[in-house]
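Below is one structure; the comments refer to it alone.
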Amino acid sequence: MAEITAKMVSDLRAATGLGMMECKKALVEAEGDAAKAEEILRIKSGNKASKMAGRVAAEGIIGSFVEGGVGALVEVNCETDFVAKDPTFLALAAAAAKAVVIANPADVEALSAVEIDGQSVEDIRKAAIAKLGENMTIRRFVRYQTEGAIATYLHGAKIGVIVDFAGEEQVGKDVAMHIAASKPICVSKDQVPAETLEQERKIYTAQAAESGKPADIVAKMVEGRVNKFLAEVTLMGQPFVKNPDVTVEKLLAEKKSSVKAFAMFVVGEGIEKKVVDYAAEVAAAAKL
C-alpha cells in the first residue's frame, strides 16, 4: 500500500475543500493516486468542480495588443506582485504582446527573438531582470487574426480575455467581460472535449446509481446533469452576466452578432508556487 503523507492529505483538502479524514480515506482507497482520490470524493460528495483548477500560484500580468484584425494576449511572470506593478515589467509585457501581433511567432522561443523598436524581446526581458533583480519569464501567448473584430478585456491585469467575434463593438466588450466572470471552457457544446464529457458522465452515473432508483430513471438523471453541465461550461449556454434572464446565445442572436473563438488567461494558472515558511527559516537561523 502506498504511503499516505500529511502533505498528500493537505493538498487534496485544498483541492476539494473537504475534511481531512474524508481526504485521507479517499487517498487510501485510491492507493495514493491524487487524481483518482479527487474523483472518488466528487462521486461521494457531489462536488461540481475542483478548486485546484482555479488556483493562482505565480505572480505577473496578462498583456494585450490589438491592431486591425489581429490581437494577442501574453502572460509574463515574475517572482513578486510588487515587481508585477513596476513600469519596466509592464513595458516588457506590452512589448511581448505587440511582438506577437506583428511577427506571428510560432512559440515563446521564436517570440524572444522578435525585435521591437530595435531591441529583441529577449533583450528587453534581460534588461528588466537586471534592473529589477527578479527572474521573469514569458510563459504563453495566443494570437487571433480575423476578418471580423477582436475584443479584449483585462481584469486587474490578472485575468485576460480575447474574443474573435462579429457584431457591434460593445457586444464584443460585454462578451469578453462575461467570459472573465463566468469562465466558460468553449463557445458551444459541440466543442466540449470528449474526454471531459466522458469523465463528467462517469461521475454523474456513479452518483445517480447510489440513489437506488430504476435504471431508466438513473439514465434520465444522468442526461439531465450532463445537459446542465454543458450549459454551465459553454459560452452559449451560460446566463449573460449583465442580464441573467437571457443566455449569451440569445443575447448574440438579438444583437445579430456571433462569437467564433475566445481565449482566457489567468496569471499563474496551473503553476505550483513554492511556499516559504519564514518563521521556520528565522528559527533555523537563530540556532546557527
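None of the figures in this text is laboratory data; all of them are computed from the coordinates on show. Everything numeric in this text was worked out from a predicted model, so none of it was measured. Note that each Cβ is placed from the backbone with ideal geometry, even for glycine, and that neighbours are counted across all protein chains shown.
On the basis of the beta-carbon distance and an R0 of 30 Å, ASN135 and ALA181 show a calculated FRET efficiency of 0.40. Two numbers describe the Cα atoms of the stretch 54-144: Rg and Dmax, which are 12.4, 38 Å. At full extension, ASP117 and ASP216 could sit 29.0 nm farther apart than now, given 0.36 nm per residue minus the alpha carbon distance.
When the alpha-carbon atoms of the chain are used, the pair Rg, Dmax equals 22.7, 71 angstrom.
Straight-distance candidates among the aspartates and glutamates for linking to LYS24, with alpha-carbon spacing under 18 Å and chain neighbours fewer than 8 residues away dropped: GLU3, ASP11, ASP33, GLU38, GLU39.
So which of LYS228/LYS260; LYS36/LYS183; LYS85/LYS242; LYS173/LYS250; LYS202/LYS250; LYS173/LYS242 end up more than 20 Å apart by C-alpha? Over 20 Å Cα-Cα: LYS228/LYS260; LYS36/LYS183; LYS85/LYS242; LYS202/LYS250. Distance cut-off 23 Å, Cα to Cα: go down the list LYS44/LYS213; LYS44/LYS189; LYS158/LYS189 and report the pairs above it. From the list (LYS44/LYS213; LYS44/LYS189; LYS158/LYS189), the Cα-Cα distance tops 23 Å for LYS44/LYS189; LYS158/LYS189. Note on the stretch 131-227: Kirkwood hydrodynamic radius from all Cα pairs is 17.2 Å, rounded to one decimal. Given R0 = 45 Å, the distance between the Cβ atoms of PHE82 and LYS250 translates into a calculated FRET efficiency of 0.55. For GLU109 and ALA14, the difference between the fully extended length at 0.36 nm per residue and the C-alpha to C-alpha distance is 30.8 nm.
The Cα center of the stretch 1-15 and the Cα center of the stretch 185-253 differ in position by 30 Å.
Along the chain, counting only GluC sites (Glu not before Pro) with a DSSP assignment other than H, G, I, E or B and at most 15 other Cβ atoms inside a 10 Å radius, the longest segment between sites is 32-146. A Förster distance of 25 Å, applied to the separation of the beta-carbon atoms of GLU168 and ILE102, puts the FRET efficiency at 0.40. For the chain, no complete DSSP H run has alpha carbons reaching 24 Å or more along its own long axis together with a mean Kyte-Doolittle score of 1.6 or higher. In the chain, the calculated helix contribution to ellipticity at 222 nm averages -14500 deg cm²/dmol per residue, counting -39,500 (n - 2.57) for every DSSP H run with n ≥ 4.
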